[in-house]
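The structure under discussion appears below in the form of structure tokens.
The values are calculated or read from the model by the stated rules, or taken from the named source; none is laboratory data. Keep in mind the model is a prediction, meaning the values are calculated, not measured. Here the Cβ is made from the backbone with ideal geometry for all residues, glycine too, and neighbour counts use every protein chain on show.
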Amino acid sequence: MPRRDVAWSMIAELAGNPAALRLRNPCPRCGGPHGPVVLEGTGLRGSVAYAGRIAVAAVTPAAGTVGFGIDAEARLDPVRDTAGWDGVPGPGRRGTVREWTRIEAALKADGRGLDVDPADVVVRERADGTWSATLPGRREPAEGWDVPATSDLVVSAAILRQ
């Protein structure tokens with residue numbers, strides 16, 4: 001089964017009523033099927049991410065939120081690791097997979113995705129193990145969590161509240 005089908009099946013199960021659910025993910029720019037996940041008529045927000053053949057999905061109540069995002073990356077990826085993460089967390093800095101999943105989750109929650117330069121997102125760790133991400137053009141930061149996953153996967157989730 002293709003990973004997108006797996007992800008959408010997981011979203012439907014998490015939403016609680018798979019038969020009645022209508023899922024779509026229109027891109028805000030072009031209308032293509034690669035934008036934020038919309039769970040029509042559920043009162044939920046959803047997000048999916050892919051790391052190689054693995055699909056990750058999550059939902060959260062929509063009330064009081066502006067957006068929700070999740071990102072997953074393989075802990076080790078020879079092609080990506082050769083290219084490196086230089087400049088991702090900011091000019092002159094070499095980033096990490098964890099920094100990237102946090103930034104990407106925050107950008108998904110924001111809804112603008114990679115229309116925002118990832119280097120312009122400022123992530124701050126909190127004493128309680130969570131993190132926040134300040135995004136250009138937003139007054140309030142995204143709230144974020146590192147999600148427990150298998151040893152070969154790095155997953156982060158972020159939410160923007162109203």
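What's the number of the condition residue 81 fails, among (1) closer than 28 Å to residue 25 by Cα; (2) not in a loop (DSSP other than H, G, I, E, B); (3) not β-branched (Val, Ile, Thr)?
With respect to (1) closer than 28 Å to residue 25 by Cα; (2) not in a loop (DSSP other than H, G, I, E, B); (3) not β-branched (Val, Ile, Thr), residue 81 is out only on (1).
Tell me, which residue of region 27-39 that is in contact with a strand residue (DSSP E or B) (Cβ under 8 Å, 6 or more places away or on another chain) and touching a residue at least 12 places away in the same chain (Cβ under 8 Å) is farthest from residue 69 (Cα to Cα)?
39
Quick check on residue 19: is it of a type in the set (A, V, I, L, M, F, W, C) and in contact with a strand residue (DSSP E or B) (Cβ under 8 Å, 6 or more places away or on another chain)?
No.
Tell me which of these residue 98 doesn't satisfy, since it passes every other one: (1) among the basic types (Lys, Arg); (2) in a loop (DSSP other than H, G, I, E, B); (3) within 18 Å of the chain's Cα centre (by Cα).
(2)
Take region 27-57 and flag every residue that is part of a loop (DSSP other than H, G, I, E, B) and either basic (Lys, Arg) or surrounded by fewer than 14 Cβ atoms within 10 Å (Cβ to Cβ) (or both).
Scanning region 27-57 gives 27, 28, 29, 30, 31, 32, 33, 34, 41, 43, 52, 53.
Looking at region 1-26, I want the residues that are among the polar types (S, T, N, Q) and have a partner that is not in a strand (DSSP E or B) with Cβ atoms under 7 Å, at least 6 apart or on another chain. Which pairs are those?
What qualifies is 25/33; 25/34; 25/35; 25/36; 25/37.
Given the criterion under 16 Å from the mean Cα position of the chain (by Cα), crowded, with 18+ Cβ neighbours inside 10 Å and either of a type outside the set (Ser, Thr, Tyr) or at pLDDT below 95 (or both), identify the matching residue among 149, 109, 74.
Just a single option satisfies the conditions, and that option is 109.
Specify which of the listed residues (128, 120) is touching a Pro at 6+ places or on another chain (Cβ under 7 Å) and charged (D, E, K, R).
None of the other options fit; the residue is 120.
Given the criterion without any contact (Cβ under 8 Å) to a residue 60 or more places away in the chain and either farther than 23 Å from residue 28 by Cβ or out of contact with any Ser or Thr (no Cβ under 6 Å at 6 or more places or on another chain) (or both), identify the matching residue among 111, 90.
That would be 90, the only listed residue that is without any contact (Cβ under 8 Å) to a residue 60 or more places away in the chain and either farther than 23 Å from residue 28 by Cβ or out of contact with any Ser or Thr (no Cβ under 6 Å at 6 or more places or on another chain) (or both).
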